[in-house]
1. Testing the spin-label approximation: label points 7 Å from Cα along Cα→Cβ at Thr102 and Asp47. State their distance in nm.
2. Residue separation times 0.36 nm, minus the C-alpha to C-alpha distance between Ala92 and Val77: what's the value?
3. Can you compute 3J(HN,Hα) from phi for each residue in the range 77-83, using the Karplus curve 6.51 cos²θ - 1.76 cosθ + 1.60 with θ = phi - 60°, rounded to whole Hz and x for Gly and Pro?
4. Based solely on C-alpha atoms, express the radius of gyration and the Dmax of the range 81-127 in angstrom.
5. Using 0.36 nm per residue, how much length does the chain from Leu117 to Trp70 gain when fully extended, once their Cα-Cα distance is taken away?
6. Spelling out what I want: for every residue of the range 108-119, take phi, set θ = phi - 60°, compute 6.51 cos²θ - 1.76 cosθ + 1.60 (Karplus), and round to whole Hz; glycine and proline get x.
7. Applying a 10 Å radius around every beta-carbon, put 98-109, 80-91 in order of their mean neighbour count, most first.
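Please treat every number below as a calculation from the coordinates, not as lab data. Quick caveat, the model's predicted, so the values are computed rather than measured. In this analysis, Cβ positions are derived from the backbone assuming ideal geometry, glycine residues included, and neighbour counts consider all displayed protein chains.
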Amino acid sequence: MDHQGTTATRTTHSIHAVLVKVTTAVDRSNFHGISITDRREISIGFDGLNSPETVANDPVISFKTALWYWTNSVQPVISQGFGATIRAINGALECDGGNPATVQARVGYYTDYCNQLGVAPGDNLTC
């Protein structure tokens with residue numbers, strides 16, 4: 001398998017892993033950063049508080065949830081560098097020494113993509 005195929009597979013597995021973590025959370029009021037108790041209108045078509053497993057079982061809801069999370073938590077920090085996006089997505093799981101090997105691997109993939117596309121990766125690559 002080529003490098004791009006390998007990366008695509010890893011990305012798919014990462015997304016799946018996040019969805020599994022979300023749907024198996026003991027505290028159903030907080031889906032690892034997707035707050036259900038803040039009473040904001042999310043309107044993505046499911047009762048996340050009472051049936052969070054819907055995210056893993058319904059591909060449309062899964063996509064809407066990922067897009068909602070990206071728009072509300074990740075997009076606002078993109079200008080702060082790649083490290084800020086890692087923090088927005090994985091927070092304490094990876095940042096501040098939580099898992100430096102994973103952060104370095106993620107930064108490596110990112111810089112590799114940037115090199116392939118002929119763009120500069122920017123500053124602040126780690127969290």
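1. Between Thr102 and Asp47, the label points sit 3.2 nm apart.
2. 3.8 nm
3. Each residue of the range 77-83 in turn: 10, 4, 5, 8, x, 4, x Hz.
4. 10.5, 31
5. Extending this stretch completely gives an extra 14.7 nm.
6. x, 4, 4, 5, 4, 4, 4, 4, 5, 8, x, 10
7. My ranking of the peptides, most packed first, is 80-91, 98-109.
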